[in-house]
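The values are calculated or read from the model by the stated rules, or taken from the named source; none is laboratory data. All figures in this text were calculated on a predicted structure; none of them were measured in a lab. Positions of Cβ are generated from backbone atoms using ideal geometry, with glycine treated the same way; all protein chains shown enter the neighbour counts.
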Amino acid sequence: MALKAAMAVTGAILVLFLIAHMYGNLMIFGGPQTFDTYSAHLRELGEPMLPYEGFLWIMRVVLLASVLVHAYAAVTLWMRARRARPAGQRYHTKKSVQRSYASYTMRWGGVVVVLFVIYHILHLTTNDIAPGGASASPYERVVNGFQIWWVVLSYVIALAAVGFHLRHGIWSAVATLGGNRAGRQRSLNIIATGLSLVVTIGFLIPPFAVLLGLVK
Amino acid sequence: MNITLRVWRQKSRDDEGRMVTYQVEDVSPDMSFLEMLDVLNEKLTLDGHEPVAFDHDCREGICGACGVVINGVAHGPETTTTCQLHMRSFKDGDVIDVEPWRAKAFPVIKDLVVDRGAFDRIIQAGGYISAPTGTAPDAHAMPVPKADADRAFDAATCIGCGACVAACPNASGMLFTAAKVTHLGMLPQGQPERAARVVKMVNQHDEEDFGGCTNIGECAAVCPKGIPLDTISQLNRDLLGSLASGNPK
Amino acid sequence: MTELYIEGAPIKDEKAPEGPIEQRWDKRRFSAKLVNPANRRKLSVIIVGTGLAGASAAATLGEAGYQVTSFCYQDSPRRAHSIAAQGGINAAKNYRNDGDSIYRLFYDTVKGGDFRSRESNVYRLAQVSVEIIDQCVAQGVPFAREYGGLLDNRSFGGVQVSRTFYARGQTGQQLLIGAYQALERQIAAGTVRMHTRHEMLELIVVDGRARGVIVRDMVSGEIETHFADAVVLASGGYGNVFFLSTNAMGCNVTATWRAHRKGALFANPCYTQIHPTCIPVSGDYQSKLTLMSESLRNDGRIWVPKEAGDDRDPRQIPEEERDYYLERIYPSFGNLVPRDIASRAAKNVCDEGRGVGPGGLGVYLDFADAIKRMGLPAVEAKYGNLFDMYQRITGENPYEVPMRIYPAVHYTMGGLWVDYDLQSTIPGLFVTGEANFSDHGANRLGASALMQGLADGYFVLPNTINDYLASGPFESLDENTPEAKEAADAVRARIDKLLSVNGNRTVDSFHKELGHIMWDYCGMERSEEGLRKAIERIRELRDEFWQNVKVTGTNEELNQALEKAGRVADFFELAELMCIDALHRRESCGGHFRAESQTEDGEALRHDDEFAYVAAWEFTGTGEQPVLHKENLEYEYVEMKQRSYK
Ligand SMILES: Cc1cc2nc3c(=O)[nH]c(=O)nc-3n(C[C@H](O)[C@H](O)[C@H](O)COP(=O)(O)OP(=O)(O)OC[C@H]3O[C@@H](n4cnc5c(N)ncnc54)[C@H](O)[C@@H]3O)c2cc1C
Ligand code: HEM
Ligand code: HEM
Ligand code: SF4
Ligand code: F3S
Ligand code: FES
């Protein structure tokens, strides 16, 4: 029963991370200096109370835990739904009345997002995948990577998935936490759409800026 | 008009079941959907076949007995009960698929008839106010603000038809459960049991093998009584409050 | 006339207390024996039906500690036909301070019943009505409220005080859900065992006492035997004998008819109520009629064209060619005359060929003037949901085209005879709600059926059945008890018979034909000649039914055709008794107009000197002469008067 609440809370944490991360990414327009300092700053944050990278590790642990709890809850709900309408009891004809594409793609969309994150960490954090050439500077890693069209394309696809996941996810988290009240539903939906668009577009600006040569 | 029906036929709980095609001729647009099925059944009987079993009683949209999935939509294309759907919503030559509610919690008994006993058990778990006969104070002892009374009423109009479950991609019974939680929770009389009620009802809901709600909203879109989606959020609010205040799971 | 029935000894309500009317109920409760709470666990009660009358009784007796077993034919107790009631429920709360009182509700009910009900019962009903509202509010029934948070009331059914409590147009639903929740609470507590999709097909009488029922599990077809120390029938009304009525498709007489065959007297079977504002029939395939609230008559004007056969669009018919016949014949009451008068007047104009719509069976209910006077938004606010319902069913927009309405069978005042304790003539068999005959006389006031169902179930039965149960528990029985075995065998034999006829007419075709006969000859207007013809035709049709009905499938499955066939078979027997009862009552009273008994200007004429009695019929065999037992009605508190609405 607490499953849904856990889902919503972890989902919300992940969304907050995304917003912060998007904001950070936009610093790329400040040039290599700003961006690398920002990255370094992330690692130094909280020093000397916390060791080097202390904050980052706390964040990483929280994120990982969130993803795990979130995924566990998602898979449990998924299995419950399958049990609630078993294979022998599917409709021959089933039409949606108002259901959105976003709600339809939550589950596989979520899986796509996680696969992307793994790929993404290998690419930009550990730099094990380094299509445009490895570098110690995060700024360069980004610029090197996004000069290649198919890297950008892979991010576009991933971000579309993220966008859809957030579109329904934000609305759903609010409803699960009891925030949907009579008369508020419309505005909530607008906010969810708006926020997910901002996140998606915000994330996509840097790669395209690199691809189009605006950031070098 | 002439209609081609593809109807789910299933002899009993254990039978596999299949879609069977029938032609119904001379359908009048003024017929209700169930009257059209009556016509089919008269014909089947005279031909020596078993008529199609379907649940129905009041035929005026209030008892909640009727309900089938018509062309993939619970209760069909209008937002009303199957018994109040009329053939003028269809065209000559239409092919109409008719299926029972499908959910593990609602096993098919025969053809289009399912067992919705799970709903009764959710009510048994706590969907009431304990007020033994004869113990009541004067009805005016407890005024109820009109806004609360209206909200309670809107939720209380649920007829227990089960269309919400049929339509929900997760086969969740959350709208039905939320309607009762909201009806009783909005009234002063319902307060003493409010926190315990929601936990008990949701537990029973989960035990009955309904799916979990992921806020998709198909339920409210097909609900013939227009139970609004925010009743589910009301349930969630009550549930979180109740769990937070230490009500046992 | 005597060849159709035999007159037997008169009967009397032995339980009715004497003395001042306001003390009688207290007296009876005081004199009734009590059962010690520890002993209640050892006593069992079967309740057939989960409508207002049955669910409220089951919940209350369960709370009291008895072992209750309940049955209903629907898949959930919440779907009993009480759910369909729209208008409201009366109670003498006098919250309006408009001069209402228990006495006035009593008086209105006796008068409304055209002096054919018992004073003691009606007074008790009015007394108890007050507690019903309290009980329902405590359960969370969301009655309409005003801005101050207090309950709203309206005036209903032509009475001058506002005593009707309502919950939008769904009063029955909300009251039933309240009783259903109380019932489910007892099921969870283990005091009530509920069997849904079980139909009672026979009563078990052992040593002269009602001791159990035979039911069919409608899913598996199993014939089950259930025993108890007492049996309560709360199985609703039998309006479906007319095929088309406002009743639910499954409403039946089987439970009460089977008890009647086992010796319970059936009282006033011919008393049926016809409701004037229903949506008319649109074709042969039609399966049921839908009621629209009577409140429409407050602002709508009823008319038909002056010329027979005028089939112009109603909007093209000029004022001077319209006949606002109610306003013309009853100038002081106009469109607000009581149900029976409005219904009969509609039938008369249609019989003259001036009816409108398909088959000429309808009259206009026109809101054009109301829209002009009040404005469209006001009409919409007041009647919007009814107009929507009308449009959904007929496909016509009543804001533009006048609605069409026609009378339809709605309620049956007749039922099993019971005494003041609600006990039938079979000891241990109690009957509550619409299934009994007790409180409404020859006509029922609007919003009084819900009141009676809940009065019986919450307050009356739980205070009288103890008097009987106090002498229990009775000897324990099992399936081999000869009476039980015989009853179960009879049920099986009847089912086998229905399945084996394999003729070439469907059950519905018989039911429809029976309904036509009843509507034509035993409906709003009856005559000796018509009723005799009806009896003859019913008998012929019944014979044909048993030779030519086609019921497919087997017993060992969900078999809706078989269920219907059993019900229709009982309707045939009931229909004959209704006609005999109607034939013997040579007076116009309540909802019934007897052609041979009218005043010079064609109004109903009652004959109190000859017919101020309850006609309680004893069964002697299918097609045999029933025996008539009369219970005299005496009026000490209300003076008998002829009604006049001119
Ligand atoms: C459309 C409509 C509107 C109405 N509006 C009003 C109104 O506004 N105000 C008012 O006061 N009255 C109204 N009435 C009348 C009122 O609703 C009924 O008289 C009353 O509800 C009857 O209640 P009941 O409990 O006696 O029977 P029901 O509610 O009919 O219940 C019968 C029960 O018996 C069970 N049953 C029947 N036969 C069997 C069997 N053989 N075996 C097992 N179970 C069986 C059924 O399953 C059901 O549970 C209206 C009636 C109709 C039809
Ligand atoms: C195109 C858009 C994106 C860009 C340019 C980008 C860039 C980066 C960079 C440069 C890093 C490394 C930071 C560092 O090591 O200091 C990083 C880390 C990370 N990014 Fe992104 N990112 C993008 C989109 C996303 C998305 C959509 C997600 C999640 C769904 C995501 C999740 C993460 C995670 C989890 C890390 C690892 C943080 C850590 O633990 O160090 N990123 N990203
Ligand atoms: C393993 C990968 C993931 C899977 C399988 C997954 C799946 C799901 C599912 C099934 C839901 C429930 C749908 C609903 O409630 O309507 C959900 C909700 C949500 N997801 Fe994910 N998701 C994943 C990863 C993510 C990530 C990485 C984020 C953040 C960027 C995220 C954010 C959200 C949010 C905010 C919600 C709404 C919570 C709620 O329903 O209450 N998810 N997810
Ligand atoms: S919530 Fe709506 S759809 Fe669900 S059972 Fe109630 S009335 Fe039917
Ligand atoms: S459709 Fe299902 S997911 Fe929830 S919002 Fe309705 S129950
Ligand atoms: S038959 Fe009662 S709601 Fe449809």
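Matching residues to (1) closer than 17 Å to A:Tyr101 by Cβ; (2) among the aromatic types (Phe, Trp, Tyr); (3) within 14 Å of chain B (Cβ to nearest Cβ):
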site	(1), (2), (3)
A:Ala134	no, no, no
A:Val142	no, no, no
A:Gly145	no, no, no
A:Leu153	no, no, no
A:Ala160	yes, no, no
A:Ala192	yes, no, yes
A:Gly202	no, no, no
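Which one is nearest to ligand 1 (Cβ to nearest atom) among residues in the range B:130-172 that are on the phi > 0 side of the Ramachandran plot and facing another protein chain (nearest Cβ under 7 Å)?
That would be B:Gly160.
In the range B:163-186, what count of residues is obtained for those that are more than 6 Å from ligand 5 (Cβ to nearest atom), in a loop (DSSP other than H, G, I, E, B), crowded, with 24+ Cβ neighbours inside 10 Å and touching a residue at least 40 places away in the same chain (Cβ under 8 Å)?
Qualifying residue count for the region: 2.
Condition first: within 13 Å of ligand 3 (Cβ to nearest atom) and within 12 Å of chain A (Cβ to nearest Cβ). Can you find one or more residues in the range B:173-189 that meet it?
yes
For the list (1) outside any helix (DSSP H, G or I); (2) more than 16 Å from ligand 4 (Cβ to nearest atom); (3) of a type outside the set (A, V, I, L, M, F, W, C); (4) crowded, with 22+ Cβ neighbours inside 10 Å, I need the number of the one condition that C:Gly54 fails.
Of the numbered conditions (1) outside any helix (DSSP H, G or I); (2) more than 16 Å from ligand 4 (Cβ to nearest atom); (3) of a type outside the set (A, V, I, L, M, F, W, C); (4) crowded, with 22+ Cβ neighbours inside 10 Å, the odd one out for C:Gly54 is (1).
Working carefully through the options B:Arg197, B:Arg237, find the one that is facing chain A (nearest Cβ under 7 Å), more than 27 Å from B:Val69 (Cα to Cα), away from ligand 5 (no atom under 11 Å from the Cβ) and among the charged types (D, E, K, R).
B:Arg237
For the range A:49-71, how many residues are under 22 Å from A:Tyr38 (Cβ atoms) and more than 10 Å from ligand 2 (Cβ to nearest atom)?
Within the range A:49-71, residues that are under 22 Å from A:Tyr38 (Cβ atoms) and more than 10 Å from ligand 2 (Cβ to nearest atom) number 8.
Please verify whether A:Ser187 is surrounded by fewer than 21 Cβ atoms within 10 Å (Cβ to Cβ), more than 16 Å from ligand 4 (Cβ to nearest atom), modelled with pLDDT of 90 or more and within 14 Å of another protein chain (Cβ to nearest Cβ), treating the condition exactly as stated.
yes
Here are C:Glu587, C:Glu513: which of them is of a type outside the set (Gly, Ala, Ser), out of contact with any Gly (no Cβ under 6 Å at 6 or more places or on another chain), buried (at least 18 other Cβ atoms within 10 Å of the Cβ) and in contact (Cβ under 8 Å) with a residue 12 or more places away in the chain?
When all the criteria are applied, what remains is C:Glu587.
Against the condition in contact with a helix residue (DSSP H, G or I) (Cβ under 8 Å, 6 or more places away or on another chain) and more than 8 Å from chain B (Cβ to nearest Cβ), how does C:Gly99 come out, does it pass?
For C:Gly99, the condition - in contact with a helix residue (DSSP H, G or I) (Cβ under 8 Å, 6 or more places away or on another chain) and more than 8 Å from chain B (Cβ to nearest Cβ) - is not met.
Within the range C:139-175, track down each residue that is out of contact with any strand residue (DSSP E or B) (no Cβ under 9 Å at 6 or more places or on another chain), surrounded by fewer than 23 Cβ atoms within 10 Å (Cβ to Cβ) and not basic (Lys, Arg).
If the condition is that a residue be out of contact with any strand residue (DSSP E or B) (no Cβ under 9 Å at 6 or more places or on another chain), surrounded by fewer than 23 Cβ atoms within 10 Å (Cβ to Cβ) and not basic (Lys, Arg), then C:Glu146, C:Tyr147, C:Gly148, C:Gly149, C:Leu150, C:Gly158, C:Gln160, C:Val161, C:Gly169 are the ones that fit.
Starting from residues that are in contact with a Leu (Cβ under 9 Å, 6 or more places away or on another chain) and under 28 Å from C:Val614 (Cα atoms), keep the ones in the range C:128-138 and report whichever is surrounded by the fewest Cβ atoms within 10 Å (Cβ to Cβ).
The selected residue is C:Val128.
Being assigned to a loop (DSSP other than H, G, I, E, B) and under 22 Å from B:Ala196 (Cα atoms) is the filter here, so list the residues in the range B:112-126 that pass it.
Once the filter is applied, which keeps residues that are assigned to a loop (DSSP other than H, G, I, E, B) and under 22 Å from B:Ala196 (Cα atoms), the range B:112-126 yields B:Ala125, B:Gly126.
Sort out which residues of the range C:137-160 are more than 22 Å from B:Ala136 (Cβ to Cβ) and either in contact with a Phe, Trp or Tyr (Cβ under 8 Å, 6 or more places away or on another chain) or more than 8 Å from chain B (Cβ to nearest Cβ) (or both), and write them in order of number.
Listed by number, the residues that qualify are C:Arg154, C:Ser155, C:Phe156, C:Gly157, C:Gly158, C:Val159, C:Gln160.
Could you count how many residues in the range C:222-260 are away from chain B (no Cβ under 13 Å) and either within 16 Å of ligand 2 (Cβ to nearest atom) or part of a loop (DSSP other than H, G, I, E, B) (or both)?
8
Considering A:Ile170, A:Ile148, A:Ile201, A:Ile191, which residue is free of Cβ contacts under 8 Å to residues at least 12 places away in the same chain and of a type in the set (A, V, I, L, M, F, W, C)?
A:Ile201
Have a look at B:Val39, B:Val7, B:Val24 and point out the one that is of a type in the set (A, V, I, L, M, F, W, C), within 13 Å of chain A (Cβ to nearest Cβ) and away from ligand 1 (no atom under 16 Å from the Cβ).
Answer to the selection: B:Val7.
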